[in-house]
Ligand code: NAD
Ligand code: DAU
């Protein structure tokens, strides 16, 4: 079986759903269910024995040892992290705790399990660490995209904590020979994305007639990848990646934030016209004619990285992976998903997804 951490979050839950749809192999999912973890994302698997959920923390060394001993996974896919840059600026400690200490504890438990495996199983074991392009820092307009050999230069407490975890993972290969793999991916978007991040926040706010807050001048560039493509890239690296190597994953979709926001407004005007829905501008009290009226420039994020861009040629050349979605197809699917999953959105916005967790899962592991 494989052991996934953070499988109730945005990317992790998409990975778990994709895994169970395309594989028979059992999957153990350990997640602490922080504010970002939502078991409703995995509702489709409620009666599927292939998926086993454990509510617990990656910092809990005893629990990790017990899980490795009991389940003897052949691989770990490590998503669990604090992931939001703005939260890392206001409250960095949780980022050090989970991203650095948690990754260290997971590496230690995995090492102890791996070292006791018979030689053939030892060679087959994999520890795949899911990381980010933000560890490479920021680019100017004319810089070439990040490659796997771009020096690390993290600029936020979030990216610094992810960089630290990447270095720890790397050291377990060089020091102990543990078969590790690291992926560094660009910005994801798609279903189950928590509405604190740019794309889901803009969709949710627009439909509610709230301001669409664009940081600074809105000209910062991110490189967007549909989440299911990220998940397929991770599976490909797990299957065929060379141990000790890192792989950039990206979609060749560099976009300025303000262009993303305009694209979302245009799609929403088409798919959910504000006049049909009776959307009222919460600031002026007037009916909204076009969602772009709600765009509001706000104070910039401190230390805001100007541009990210991923050179994804290595994974394509060596492992034959390419994204299936273009930005145009992926963003339309995403807007459709949010429009068709308004109950999910409501439960997240009013916090009731956490009550649901308490009612259904707190009494034991499921
Ligand atoms: P997320 O915040 O949506 O989900 C994180 C999950 O980890 C949640 O389910 C949360 O409950 C769980 N978690 C947090 N702390 C934990 C702990 N101490 N123990 C166990 N579980 C814990 O994050 P995401 O956007 O799905 O990102 C997943 C991974 O991918 C992260 O490592 C992130 O750095 C990386 N990444 C994200 C993006 C992106 O655009 N979202 C891009 C590249 C890489
Ligand atoms: O690059 C990969 C990273 O992408 C991941 O490692 C992170 O986990 C993930 O959160 C994401 O980080 P960003 O900071 O790029 O994502 P976010 O959605 O928070 O912001 C995207 C851009 O939009 C960024 O330039 C800040 C801007 N922004 C964001 C929000 C939430 C706004 O202008 N307004 C907003 O309200």
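The values are calculated or read from the model by the stated rules, or taken from the named source; none is laboratory data. Model, not experiment: these values are computed from the prediction. Here Cβ is always computed from backbone atoms with ideal geometry, including for glycine, and neighbour counts include all displayed protein chains.
Observations
- Matching residues, the stretch 132-173, being in contact with a helix residue (DSSP H, G or I) (Cβ under 6 Å, 6 or more places away or on another chain) and free of Cβ contacts under 8 Å to residues at least 60 places away in the same chain: 132, 135, 150, 152, 154, 163
- Among (1) on the phi < 0 side of the Ramachandran plot; (2) under 27 Å from the mean Cα position of the chain (by Cα); (3) surrounded by 14 or more Cβ atoms within 10 Å (Cβ to Cβ), the one test that residue 252 misses: (1)
- Filtered residues of the stretch 109-122 (kept if farther than 21 Å from residue 183 by Cβ and part of a helix (DSSP H, G or I)): 112, 113, 115, 119, 120, 121, 122
- Residue count for the stretch 306-354 satisfying the condition of being farther than 18 Å from residue 249 by Cβ, within 16 Å of ligand 2 (Cβ to nearest atom) and in a loop (DSSP other than H, G, I, E, B): 1.
- Any hit, the stretch 85-96, residues being closer than 30 Å to residue 116 by Cα, at pLDDT 95 or above, within 16 Å of ligand 2 (Cβ to nearest atom) and not in a loop (DSSP other than H, G, I, E, B): yes
- Any hit, the stretch 134-142, residues being within 16 Å of ligand 1 (Cβ to nearest atom), out of contact with any strand residue (DSSP E or B) (no Cβ under 7 Å at 6 or more places or on another chain) and assigned to a helix (DSSP H, G or I): yes
- Residue ID - farthest from ligand 1 (Cβ to nearest atom), chosen from residues in the stretch 1-40 that are over 22 Å from residue 337 (Cβ atoms) and free of Cβ contacts under 8 Å to residues at least 40 places away in the same chain: 24
- Restricting the stretch 68-84 to residues that are more than 15 Å from residue 131 (Cβ to Cβ) and in contact (Cβ under 8 Å) with a residue 24 or more places away in the chain, the residue that is nearest to ligand 2 (Cβ to nearest atom): 84
- Residue check for residue 230: near ligand 2 (Cβ under 9 Å from one of its atoms), more than 16 Å from residue 265 (Cα to Cα), touching a helix residue (DSSP H, G or I) at 6+ places or on another chain (Cβ under 7 Å) and not in a strand (DSSP E or B): no
- Filtered residue count, the stretch 44-66, keeping only those that are at pLDDT 95 or above and either closer than 24 Å to residue 21 by Cα or in a loop (DSSP other than H, G, I, E, B) (or both): 15
- Residue within the stretch 146-158 that is crowded, with 22+ Cβ neighbours inside 10 Å and part of a strand (DSSP E or B) present: yes
- All conditions in (1) away from ligand 1 (no atom under 16 Å from the Cβ); (2) within 18 Å of residue 250 (Cα to Cα); (3) surrounded by 15 or more Cβ atoms within 10 Å (Cβ to Cβ) hold for residue 162, with the sole exception of (1).
- Residue within the stretch 190-200 that is assigned to a helix (DSSP H, G or I), free of Cβ contacts under 8 Å to residues at least 40 places away in the same chain and either over 23 Å from residue 41 (Cβ atoms) or within 13 Å of ligand 1 (Cβ to nearest atom) (or both) present: no
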